[in-house]
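Report on the structure given below.
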Amino acid sequence: MGSQRPTESLSVYNFGAGPAMLPRAVMQQAQAELLDWHGSGISIIEMSHRSKEFAVIVEQSEADLRALLQIPDNYKVLFIQGGATSQFAMVPLNLTGPQDVADYVQTGNWANRAIKEAKRHCRVNIVANSEADNYRSLPARESWQVSEQAAYLYYTANETIGGVEFHAVPESGEIPLVSDMTSNFLSRPIDVSRFAVIYAGAQKNFGPSGLVIAIVREDLIGKVRQGVPTLYDYAVYAKDNSLYNTPPTFSWYVAGLTFQWIRQQGGLAAMEKRAIARAAKLYQFIDTNDFYSNPIDPACRSRMNVPFILADEALDGSFLEQAEKNGLLALKGHRSVGGMRASIYNAMPEQGIDALIDFMRDFANRYG
């Protein structure tokens, strides 16, 4: 039997890792404003990024993000065209010279990609890695071999594919701390002042693809090495309020709506409370049902991305097909690890977790 779209009578939950589910209220507001933004007579998609109308979006979105994260005044918030992968190069190009050493924690696919790119631009020291157990845990902080003169210490806050997450910010001492927070950005409060650079692609937790936000401490801006392309210089974005070239205006607009939605929901403390509840409910079901298993060390299980394995992988296809018919979309695990993966970002309501568990329980009863 071929796969088919869920019927209209079913609620649909998107468990995709990204582009991912957005809050329904945000999508409805974007829909309502699509043809005529605030009486301007034109669509947000048509609007000039240099118009007075878009200036309102620019100002409000940054103000809301600063309020959510309590970003100190000595940090610039940059809205950059592209994805978080661009930051794999922008970070070393702006923070190092060719002979400088940067420290990286190797925790999975996205850390590995960042390391590979950084090696093209500076010397890289792997301070610790969890490759020996197939990236199913995080190396203990006391085991890290940090360089004496590192330009920065880099870690991936949440590995989307592997499903491991740092639940505390690692100590870095005097070394500037850099983090890729793409898949857990705005899911919990963080102390921005502990970081040199934080960056996150929009397509997981706060908007459509095509936008990455970088929060950069001001004293680190303006030190880009010679010969770097203009659009890879943080100073260019800082000087021109992220409007040096045409930004991804629609993605920026939706991100701004999402920031407002998060504030209306109670801010990052509320997002964290919901994330903990969603993840705990799903992990508890997996752990208490012999038909499913999660391979990740419980101490560092991700609240955002929950991989799980069926007892009989021959049933994977049937599981995915039937899940889709029940309105549970994009549960297939990444091709590099197989199995299943439920990505449960800020927009996922707890009812989605309940629907997934109900389906998993029924499937296990029928095939287990």
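The values are calculated or read from the model by the stated rules, or taken from the named source; none is laboratory data. Please read these numbers as outputs of a predicted model, since none were measured by experiment. Methodologically, a virtual Cβ is constructed for each residue, glycine included, from the backbone with ideal geometry; neighbour enumeration extends over all protein chains shown. Ligands, DNA and RNA are excluded from the accessible area calculation, which covers all protein heavy atoms including side chains. Shrake-Rupley method; radii C 1.70, N 1.55, O 1.52, S 1.80 Å.
Hey, could you check the stretch 277-287 for residues that are touching a residue at least 40 places away in the same chain (Cβ under 8 Å) and under 20 Å from ASN158 (Cα atoms) and say which is surrounded by the fewest Cβ atoms within 10 Å (Cβ to Cβ)?
If we take residues in the stretch 277-287 being touching a residue at least 40 places away in the same chain (Cβ under 8 Å) and under 20 Å from ASN158 (Cα atoms), then ALA277 is surrounded by the fewest Cβ atoms within 10 Å (Cβ to Cβ).
Kindly establish whether GLY108 is closer than 22 Å to ALA214 by Cβ, in contact with a strand residue (DSSP E or B) (Cβ under 7 Å, 6 or more places away or on another chain) and at pLDDT below 95. Even if it seems obvious, please write down each step before you answer.
On the way: closer than 22 Å to ALA214 by Cβ: yes; in contact with a strand residue (DSSP E or B) (Cβ under 7 Å, 6 or more places away or on another chain): yes; at pLDDT below 95: no.
Judged against the criteria, GLY108 is not a match.
Taking the stretch 341-361 as the search range and keeping residues that are buried (at least 23 other Cβ atoms within 10 Å of the Cβ) and of a type in the set (S, T, N, Q), which one is farthest from GLY162 (Cα to Cα)?
Step by step, filter the stretch 341-361, then rank; the result is ASN346.
Grab the strands (runs of 3 or more DSSP E) fully contained in the stretch 114-230, keeping just those with 2 or more residues being under 12 Å from the mean Cα position of the chain (by Cα).
Fully inside the stretch 114-230 and qualifying: 177-180, 197-201, 211-217.
Working only within the stretch 277-310, note down all residues that are of a type outside the set (Gly, Ala, Ser) and part of a helix (DSSP H, G or I).
Of everything in the stretch 277-310, those that are of a type outside the set (Gly, Ala, Ser) and part of a helix (DSSP H, G or I) turn out to be ARG278, LYS281, LEU282, TYR283, GLN284, PHE285, ILE286, ASP287, PRO298, CYS300.
Return the residues of the stretch 246-269 that are open to solvent by 40 Å² or more (accessible area, probe 1.4 Å) and in contact with a Leu (Cβ under 8 Å, 6 or more places away or on another chain); say none if nothing qualifies.
The one that is open to solvent by 40 Å² or more (accessible area, probe 1.4 Å) and in contact with a Leu (Cβ under 8 Å, 6 or more places away or on another chain): ARG263.
Are any of the residues in the stretch 66-75 in a helix (DSSP H, G or I), small (Gly, Ala, Ser) and under 30 Å from LEU329 (Cβ atoms)? Explain how you work it out, then say what you get.
In the first step, residues of the stretch 66-75 are kept if they are in a helix (DSSP H, G or I); the result is 66-69.
So of that shortlist, the ones also small (Gly, Ala, Ser) come out as 67.
Checking the rest, the ones that are also under 30 Å from LEU329 (Cβ atoms) come to none.
Checked against the condition, which is being in a helix (DSSP H, G or I), small (Gly, Ala, Ser) and under 30 Å from LEU329 (Cβ atoms), the stretch 66-75 yields no hits at all.
Could you tell me how many of the residues in the stretch 313-340 are assigned to a strand (DSSP E or B) and open to solvent by less than 30 Å² (accessible area, probe 1.4 Å)?
Within the stretch 313-340, residues that are assigned to a strand (DSSP E or B) and open to solvent by less than 30 Å² (accessible area, probe 1.4 Å) number 2.
Test GLU272 against the criterion of being within 29 Å of PRO208 (Cα to Cα), open to solvent by 40 Å² or more (accessible area, probe 1.4 Å), within 18 Å of the chain's Cα centre (by Cα) and of a type in the set (Asp, Glu), and give yes or no.
The answer is yes for GLU272.
With the requirement that a residue be touching a residue at least 12 places away in the same chain (Cβ under 8 Å), open to solvent by 20 Å² or more (accessible area, probe 1.4 Å) and either among the polar types (S, T, N, Q) or in a loop (DSSP other than H, G, I, E, B) (or both), what does the stretch 38-59 give you?
Within the stretch 38-59, HIS38, SER40, ILE45, HIS49, ARG50 meet the criteria.
Show the residue pairs that are 6+ apart or on different chains and have beta-carbon atoms under 8 Å apart, the first residue being within the stretch 344-363 and acidic (Asp, Glu), the second being surrounded by 22 or more Cβ atoms within 10 Å (Cβ to Cβ).
As it stands, the answer is GLU350/ARG278, since those pairs meet every condition given.
Could you grab the pairs with beta carbons closer than 7 Å, sequence gap of 6+ or different chains, first residue in the stretch 90-117 and without any contact (Cβ under 8 Å) to a residue 12 or more places away in the chain and closer than 26 Å to ALA235 by Cβ, second one open to solvent by less than 10 Å² (accessible area, probe 1.4 Å) and assigned to a loop (DSSP other than H, G, I, E, B)?
Pairs found: none.
Of the conditions (1) more than 21 Å from SER183 (Cα to Cα); (2) out of contact with any strand residue (DSSP E or B) (no Cβ under 9 Å at 6 or more places or on another chain); (3) among the aliphatic types (A, V, I, L, M), ALA238 satisfies every one except a single condition; which number is it?
In the conditions (1) more than 21 Å from SER183 (Cα to Cα); (2) out of contact with any strand residue (DSSP E or B) (no Cβ under 9 Å at 6 or more places or on another chain); (3) among the aliphatic types (A, V, I, L, M), ALA238 misses (2) alone.
Among what's in the stretch 192-237 and is under 17 Å from ASP100 (Cβ atoms) and aromatic (Phe, Trp, Tyr), pick the residue that is most open to solvent (accessible area, probe 1.4 Å).
Only one residue tops the list, namely TYR232.
How many of the residues making up the stretch 137-169 are more than 30 Å from GLY210 (Cβ to Cβ), of a type outside the set (A, V, I, L, M, F, W, C) and either open to solvent by less than 20 Å² (accessible area, probe 1.4 Å) or touching a residue at least 12 places away in the same chain (Cβ under 8 Å) (or both)?
7
Could you list, in sequence order, all residues of the stretch 60-84 that are free of Cβ contacts under 8 Å to residues at least 40 places away in the same chain and within 17 Å of SER251 (Cβ to Cβ)?
Taking the stretch 60-84 and keeping what is free of Cβ contacts under 8 Å to residues at least 40 places away in the same chain, we get 62-63, 66, 73.
The answer is GLU62, and nothing else.
Within the stretch 238-276, can you find the residues that are assigned to a helix (DSSP H, G or I), of a type in the set (Ser, Thr, Tyr) and either out of contact with any helix residue (DSSP H, G or I) (no Cβ under 6 Å at 6 or more places or on another chain) or without any contact (Cβ under 8 Å) to a residue 60 or more places away in the chain (or both)?
Once the filter is applied, which keeps residues that are assigned to a helix (DSSP H, G or I), of a type in the set (Ser, Thr, Tyr) and either out of contact with any helix residue (DSSP H, G or I) (no Cβ under 6 Å at 6 or more places or on another chain) or without any contact (Cβ under 8 Å) to a residue 60 or more places away in the chain (or both), the stretch 238-276 yields THR249, SER251.
Within the stretch 92-105, is even one residue surrounded by fewer than 18 Cβ atoms within 10 Å (Cβ to Cβ) and part of a helix (DSSP H, G or I)?
No: the stretch 92-105 contains no residue that is surrounded by fewer than 18 Cβ atoms within 10 Å (Cβ to Cβ) and part of a helix (DSSP H, G or I).
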